[in-house]
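Structure first, commentary second.
The values are calculated or read from the model by the stated rules, or taken from the named source; none is laboratory data. This is a predicted model, so every value here is computed, not measured. Cβ placement follows ideal geometry from the backbone for every residue including glycine, while neighbour counts extend to all protein chains displayed. Note: accessible area is taken over every heavy atom of the protein model, side chains too, but ligands, DNA and RNA are not part of it. Shrake-Rupley method; radii C 1.70, N 1.55, O 1.52, S 1.80 Å.
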Amino acid sequence: RFLQNGDPTMFEPFWRGPIGESATLVIPGWQTMSYFSDVGNLCWFLEPSFEREVRRLHRLVGNAAVEGYHVLVGTGSSQLFQAALYALAPPTADTPLSVVSTTPFYSMYPPLTDFLSSGLYRWAGDANTFDGDDYIEVVCSPSNPDGSIREAVLKSKSGKDIHDLAYYWPQYTPITQMLAHDIMLFTVSKCTGHAGTRIGWALVKDKEVAQKMSKFMEQSTIGVCKDAQLRAAKVLGAVTDGYEHQLATAAGGDANLLFHYARRKMAHRWCALRAAVAASGIFSLPNEVAGFCTFTKDTVTSNPAFAWLRCEKQEVEDLESFLRENKIITRSGTKFGADQKVVRISMVDTDEAFGIFVNRLAAIK
């Protein structure tokens with residue numbers, strides 16, 4: 001099955017349940033016709049209801065600070081990533097600013113950085129091997145592809161950081177602290193599973209940086225789809241309302257609580273995958289990591305959205321090709337700055353696809 005992408009269809013059964021009704025949205029024909037959402041806001045195309053629900057959700061989960069931050073909306077976090085590069089790179093530098101990230105890094109960072117062949121910035125590879133004081137370091141934590149918790153490795157007064165926190169949600173990792181970095185990127189796709197809505201958001205501390213990022217989106221797409229923002233606001237609101245209702249009523253059960261549902265499913269999948277790896281005997285995975293989650297108030301293991309699978313069989317040099325021969329399509333480690341003996345596999349596809357995958361993996365010897 002096609003497991004090389006991170007299409008979060010795993011979430012669909014949850015939204016087909018009772019909570020799905022509370023996330024249903026009807027938009028009248030006259031609504032959202034204007035370019036403008038809030039002319040008094042730094043990000044004038046940001047729907048007020050979406051900003052409100054973003055702040056509510058972060059306050060509920062406790063994964064990122066929102067007080068003193070500007071909220072920006074983008075067409076997915078990919079647009080916000082490019083906007084941040086534009087905002088952080090000095091416009092009058094003699095040479096493009098280097099963009100780096102620790103290996104293994106997200107496979108889309110290099111092509112997104114270099115797609116426009118900008119004179120402002122360029123991809124420069126692994127942060128661990130970078131030598132210089134001027135740079136933008138992209139910190140993806142939990143890491144895509146291997147799920148590890150990351151911090152910036154470079155330390156320079158003139159260096160700048162972008163923190164990609166798409167997976168810093170309770171279904172994937174313990175929430176160990178409230179982060180308060182200068183630029184923090186999130187996406188509805190990985191939070192609730194609504195990848196097709198194409199909405200991401202950034203929490204930005206510095207007003208001038210936020211203004212430049214907003215200008216990038218204004219120039220590239222004249223804002224961000226208001227219909228999509230309204231849907232995202234409705235979805236995020238349904239998640240927060242579910243938890244607040246449970247707290248207010250002291251009702252038992254967690255069937256309508258997104259993060260509990262998704263964490264339980266992710267834990268089950270990781271248990272099944274580790275069993276399949278053990279049955280095969282030729283693969284390995286990163287060690288399990290546990291921590292106290294301030295959101296759930298208990299100690300939990302990390303359940304990354306992707307499996308970083310390595311082959312220990314000496315004669316297998318190209319794991320992506322080897323798995324393809326066994327009808328498992330993955331993404332090679334070479335796309336992430338790693339070697340050919342490792343691949344990334346999505347853990348958030350449908351139950352049917354995941355079941356086929358683990359059965360085929362366990363049968364490989």
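Inspect all residues belonging to segment 74-84 and state whether any of them is open to solvent by 10 Å² or more (accessible area, probe 1.4 Å) and either without any contact (Cβ under 8 Å) to a residue 40 or more places away in the chain or more than 22 Å from the chain's Cα centre (by Cα) (or both).
Within segment 74-84, none of the residues are open to solvent by 10 Å² or more (accessible area, probe 1.4 Å) and either without any contact (Cβ under 8 Å) to a residue 40 or more places away in the chain or more than 22 Å from the chain's Cα centre (by Cα) (or both).
With the condition being surrounded by 20 or more Cβ atoms within 10 Å (Cβ to Cβ) and among the polar types (S, T, N, Q), I'd like the helices (runs of 4 or more DSSP H) fully within segment 203-285 carrying at least 1 qualifying residues.
207-221, 226-249
Scan segment 1-27 residue by residue and report those that are among the acidic types (Asp, Glu) and touching a strand residue (DSSP E or B) at 6+ places or on another chain (Cβ under 9 Å).
Passing the criteria: only ASP7.
VAL39 is checked against (1) in the same structural domain as LEU179 (by the TED database); (2) under 27 Å from GLY242 (Cβ atoms); (3) among the β-branched types (Val, Ile, Thr); (4) surrounded by fewer than 22 Cβ atoms within 10 Å (Cβ to Cβ) and fails just one. What number does that condition carry?
The number of the failed condition is (2).
Here are some residues: ASP126, ASP161, ASP133. Which one is of a type outside the set (Ser, Thr, Tyr), at negative phi and open to solvent by 60 Å² or more (accessible area, probe 1.4 Å)?
Residue meeting the stated conditions: ASP133.
Please verify whether segment 138-146 includes one or more residues that are out of contact with any strand residue (DSSP E or B) (no Cβ under 9 Å at 6 or more places or on another chain) and closer than 22 Å to VAL343 by Cα.
yes
Being within 18 Å of ALA228 (Cα to Cα) and either part of a strand (DSSP E or B) or not hydroxyl-bearing (Ser, Thr, Tyr) (or both) is the filter here; which residues of segment 46-71 pass it?
Once the filter is applied, which keeps residues that are within 18 Å of ALA228 (Cα to Cα) and either part of a strand (DSSP E or B) or not hydroxyl-bearing (Ser, Thr, Tyr) (or both), segment 46-71 yields LEU46, GLU47, PRO48, PHE50, GLU51, ARG52, GLU53, VAL54, ARG55, LEU57, VAL71.
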